[in-house]
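What follows is a single structure, written as structure tokens, with notes after it.
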Amino acid sequence: MSDQIFAFGLGIGTQNKEGDWLEVFYPTPSTNAEQSTLDALLESTNYEGGNSTLVLEEGDLNRLHMSLLKAGNIEQAELASRLKASTQPVVLCVLATNEAPTNPAEAYLKLQLISHRLAQPHSVVLDGMFGLLINTAWTSEGPIDVRELADRQLSARMQGRTIEVFSVDKFPKMLNFVVPTGIRVGDGARIRLGAHLGEGTTVMHEGFVNFNAGTLGSSMVEGRISAGVVVGNGSDLGGGCSTMGTLSGGGNIVIGVGEKCLIGANAGIGIGLGDRCTVESGLYITAGSKVAVLDENNQVVSTVKARELSGQSDLLFRRNSETGAIECKTNKTAIALNEALHAHN
């Protein structure tokens, strides 16, 4: 067996009446654990190697606590000891390798690795995840299988309570699982678990960040970051703007935003941007958009489809105010971000 494992997490899970996992909360997941921690898992639990999900009893947690202390992994040892008091199922999920998840517990571990900034978007395999996750009502009484919701609501009403349903989705709010350091979020409902918010990022009330996507540094997000889209350090997304995810029609173009870019209000991109690019407010660029490329004298030197400019740096995209044509010229001025907006006290 390898002397390292890809990732593991101790957590608390929620199951439906059939015993299927709705979600698992891992407070302190870990990556690239050393051989001593792997040995502790092997000797104190029923873990036998490979990718595995186990439910631990109090005796397992006692043994795991002592083994992890011996291994010098104090943080995980203390967590194992604390979880002995849980009235909900305690889950140990071990991922020896980074392969497609096979159950919701594995999927939730990978999503939380991204949101904890232990893994960047696109670095963990999430293939087939949608088929594993159960459509869930996220409520004032926790996650409930949507097929069981009506019965739970009736029971609550009979006891004088009302269950408030916040959303019905396969993904919960990120902030109910992970709150990274150095961020500001106006509306937690608009950040899905599996989002990656870099240190210094602010997501305003109308901003949105999907799973396996997000920012790598300081950014002001007032627009939409779709699934799979990664925004580089120092880039801003203006109010109402959007980025097209691959699943939304981006084809095989990797749609991302480099460093120190600005996508103006109500603009959008269906191509990738390199560093120091600007898209004029209200301009939506799809891969097939015809773009007139200008020289330093604002003369058209060629007309290309936008996909041919994907990923290039120092570009300014605008619409000609007289003809309506989309134009592109070299943008040598990096966007100077307002430092006060990105200050985190």
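Would you please name the residue that is surrounded by the fewest Cβ atoms within 10 Å (Cβ to Cβ), looking only at residues in the stretch 53-80 that are touching a helix residue (DSSP H, G or I) at 6+ places or on another chain (Cβ under 9 Å) and of a type in the set (Gly, Ala, Ser)?
Gly72
For Ser289, state whether it is within 21 Å of Leu316 (Cβ to Cβ), touching a residue at least 24 places away in the same chain (Cβ under 8 Å) and over 17 Å from the mean Cα position of the chain (by Cα).
So Ser289 fits the description; yes.
So which of Gly217, Gly311, Gly234, Gly282 ends up being assigned to a loop (DSSP other than H, G, I, E, B) and either among the hydroxyl-bearing types (Ser, Thr, Tyr) or buried (at least 22 other Cβ atoms within 10 Å of the Cβ) (or both)?
On inspection, the qualifying residue turns out to be Gly234.
What pairs come up if the first residue lies in the stretch 302-324 and is farther than 12 Å from Ala292 by Cβ, the second is of a type in the set (Lys, Arg) and in a strand (DSSP E or B), and their beta carbons are under 8 Å apart, counting only those six or more places apart or on different chains?
Cβ pairs passing all conditions: Leu315/Lys329; Leu316/Lys329.
When the stretch 161-188 is examined, which residues are found to be among the aliphatic types (A, V, I, L, M), farther than 13 Å from Gly142 by Cβ and surrounded by 14 or more Cβ atoms within 10 Å (Cβ to Cβ)?
Met174, Leu175, Val178, Ile183, Val185
Listed here are the residues, each with its yes/no results for (1) under 20 Å from Asp127 (Cα atoms); (2) without any contact (Cβ under 8 Å) to a residue 24 or more places away in the chain; (3) among the polar types (S, T, N, Q); (4) out of contact with any Lys or Arg (no Cβ under 9 Å at 6 or more places or on another chain).
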residue	(1), (2), (3), (4)
Thr28	no, no, yes, yes
Ala33	no, no, no, yes
Glu48	no, yes, no, yes
Glu75	no, no, no, yes
Ala85	no, yes, no, yes
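Could you say whether any residue in the stretch 137-144 is touching a Ser or Thr at 6+ places or on another chain (Cβ under 7 Å), crowded, with 17+ Cβ neighbours inside 10 Å and farther than 22 Å from Gly19 by Cβ?
No; the residues of the stretch 137-144 include none that is touching a Ser or Thr at 6+ places or on another chain (Cβ under 7 Å), crowded, with 17+ Cβ neighbours inside 10 Å and farther than 22 Å from Gly19 by Cβ.
Going through the stretch 69-87 one residue at a time, which ones are among the small types (Gly, Ala, Ser) and outside any helix (DSSP H, G or I)?
Of the residues in the stretch 69-87, the ones among the small types (Gly, Ala, Ser) are 71-72, 77, 80-81, 85-86.
Hits for the stretch 69-87 are Gly72, Ser86.
Inside the stretch 215-238, can you point out the residues that are in contact with a helix residue (DSSP H, G or I) (Cβ under 8 Å, 6 or more places away or on another chain) and under 18 Å from Ala267 (Cα atoms)?
Residues satisfying the conditions are Ser226, Ala227.
Across the stretch 12-30, which residue is nearest to Val168 (Cα to Cα) among those that are more than 19 Å from the chain's Cα centre (by Cα) and surrounded by 20 or more Cβ atoms within 10 Å (Cβ to Cβ)?
Of everything passing the filter in the stretch 12-30, Trp21 is nearest to Val168 (Cα to Cα).
Just so you know, all these numbers are worked out from the coordinates, no wet-lab data involved. No experiment lies behind these values; they were computed from the predicted model shown. Reconstructed Cβ throughout: ideal geometry from the backbone, glycine too, with neighbour counts over all protein chains shown.
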